[in-house]
Amino acid sequence: MKDRFGRVIRYLRLSVTDACNLRCLYCAPEVVSEADGVFLEAAEIAEIVQAAVKLGIRKVRITGGEPLVRADILDVCRQVAQIDGLEELCMTTNGVLLADYAGRLRDAGVDRVNVSLDSLDAGRFHALTGGDLSAVLRGIDAAMGAGLLVKLNVVLMRGVNDGEIGDFVALTRDRGLHVRFIELMPIGAGLTSLPERFLSADAVLEACPELESVSGYDGVAEVYCLPGVYAKIGLIRPMSRHFCMRCDRVRVTADGRLKPCLHAMEEIRLRGLSGSALETALRDGIWGKPCGHHMDLDTPSESGRGMRQIGG
């Protein structure tokens, strides 16, 4: 369906937990444990997705926190994948557990995975996340071997990973991996690091002037590629070039609240609703999606929650 500004909303980002097994500095500075009974159950998730698909949602991305720490994540994926009318089921993961799950995710109906990976240097990766880079690399290999389409999500940070831009770009040629560079946003723990760490996505084009523009967009990403290379490079610029009028997504938090915009305070309670009441709440939320956000380097997100709590 369309919102009040004429945007066709086809994409639902669905958080299934706010727990995570890493502590990325701009997201969650400490490890958080999942609390039993707080998050939507698998059947509740399927009911929400079914109602959303009835209203025109065609793509669902399962997010967290880290979705693979949820004990019943495969059951969640199976139930969602079986919903008539859904065209694509994806997942965003930090990749730590992906080697053990890749084949089973494919069997459960997941089409592709985005792996959040901000450094290819083991020491730097550990300093940023507290995690083991080798586990993530094994997960990427396993996902590709299982036939999942893999994209890497790289948050650009000045003085942290700006020297690795060329290395990430090279992965499109050497490994066939799609890479998306994302500008750091003033939300959650990112608020404290934004002033000195923000780096415009223009830095990618400056570091790799051989990149060629590809006609059109992939969602909200400007698309580029190396000459003669199929795998794409996406630039996602929430700060330097607002893309709000191209945004076709809404979000549902792990505790069952609809967020029509990542950066708005508004949340609509879905948990406990069913049938026409659930559809009405979703329809009202989509219709009321804001025109855009108001963030800049001096103005933080109004979301009221961090990315870990909303769904990255």
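Considering the range 68-116 alone, what residues qualify as being in contact with a Lys or Arg (Cβ under 9 Å, 6 or more places away or on another chain) and free of Cβ contacts under 8 Å to residues at least 24 places away in the same chain?
ASP107
Quick one: how many residues across the range 55-67 are surrounded by 24 or more Cβ atoms within 10 Å (Cβ to Cβ) and out of contact with any Asp or Glu (no Cβ under 6 Å at 6 or more places or on another chain)? Walk me through how you get there before you give the answer.
To start, the set of residues in the range 55-67 that are surrounded by 24 or more Cβ atoms within 10 Å (Cβ to Cβ) comprises 57, 60, 62-67.
Still in the running and out of contact with any Asp or Glu (no Cβ under 6 Å at 6 or more places or on another chain): 57, 60, 62-64, 66-67.
Going through the range 55-67 one residue at a time, the tally reaches 7.
Taking the options PRO67, PRO29, name whichever one is of a type outside the set (Phe, Trp, Tyr), within 29 Å of ARG124 (Cα to Cα) and at pLDDT 95 or above. If you could, list the steps in order and put the result at the bottom.
Details: PRO29 fails: at pLDDT 95 or above.
Criteria check complete, one pass: PRO67.
If you check ALA221, ALA231, which single one turns out to be surrounded by fewer than 21 Cβ atoms within 10 Å (Cβ to Cβ) and in contact with a Lys or Arg (Cβ under 8 Å, 6 or more places away or on another chain)?
Just a single option satisfies the conditions, and that option is ALA231.
Are there any pairs, at least 6 apart or on different chains, whose C-beta atoms fall under 6 Å, with the first in the range 212-234 and in contact (Cβ under 8 Å) with a residue 60 or more places away in the chain and within 15 Å of CYS247 (Cα to Cα) and the second aromatic (Phe, Trp, Tyr) and part of a strand (DSSP E or B), and if so, which?
none
Only one of these is hydrophobic (A, V, I, L, M, F, W, C), under 20 Å from the mean Cα position of the chain (by Cα) and modelled with pLDDT of 90 or more: ALA264, ALA281, ALA277, ALA254. Name it.
Unique residue meeting the criteria: ALA254.
Scanning for something in contact (Cβ under 8 Å) with a residue 24 or more places away in the chain, of a type outside the set (D, E, K, R), surrounded by fewer than 16 Cβ atoms within 10 Å (Cβ to Cβ) and within 27 Å of LEU55 (Cα to Cα), does the range 245-264 turn up at least one residue?
yes
Looking at the range 132-149, I want the residues that are of a type in the set (Ser, Thr, Tyr) and have a partner that is not in a helix (DSSP H, G or I) with Cβ atoms under 8 Å, at least 6 apart or on another chain. Which pairs are those?
Listed by first residue and then by second, the contacts come to nothing, as the list is empty.
Can you pull out every residue in the range 111-132 that is touching a Phe, Trp or Tyr at 6+ places or on another chain (Cβ under 9 Å) and surrounded by fewer than 20 Cβ atoms within 10 Å (Cβ to Cβ)?
LEU120, GLY131, ASP132
Name the one entry in GLY95, GLY139, GLY163 that is surrounded by fewer than 18 Cβ atoms within 10 Å (Cβ to Cβ) and of a type in the set (Gly, Ala, Ser).
GLY163
Could you pull out every one of the helices (runs of 4 or more DSSP H) wholly within the range 139-243 that has 1 or more residues that are modelled with pLDDT of 95 or more and among the aliphatic types (A, V, I, L, M)?
Correct list: 165-174, 202-207.
Taking interchain pairs and intrachain pairs at least six residues apart, which have beta carbon atoms under 9 angstrom, with the first residue in the range 197-209 and at negative phi and crowded, with 18+ Cβ neighbours inside 10 Å and the second assigned to a loop (DSSP other than H, G, I, E, B) and of a type in the set (Phe, Trp, Tyr)?
As it stands, the answer is ARG197/TYR26, since those pairs meet every condition given.
Give, as residue ranges, the helices (runs of 4 or more DSSP H) completely inside the range 1-116 that count at least 2 residues that are under 20 Å from ARG249 (Cβ atoms), touching a strand residue (DSSP E or B) at 6+ places or on another chain (Cβ under 7 Å) and of a type in the set (A, V, I, L, M, F, W, C). Give the steps one after another, and end with the answer.
Numbers: elements: 42-54, 73-81, 98-107.
Per the criteria, 42-54, 73-81.
With respect to ASP36, is the statement that it is closer than 25 Å to SER274 by Cα and at pLDDT below 95 true?
It is true that ASP36 is closer than 25 Å to SER274 by Cα and at pLDDT below 95.
The values are calculated or read from the model by the stated rules, or taken from the named source; none is laboratory data. Bear in mind that the values here come from a model prediction, so they are computed numbers and not experimental data. Glycine gets a Cβ as well: all are built from the backbone with ideal geometry, and neighbour counts include every protein chain shown.
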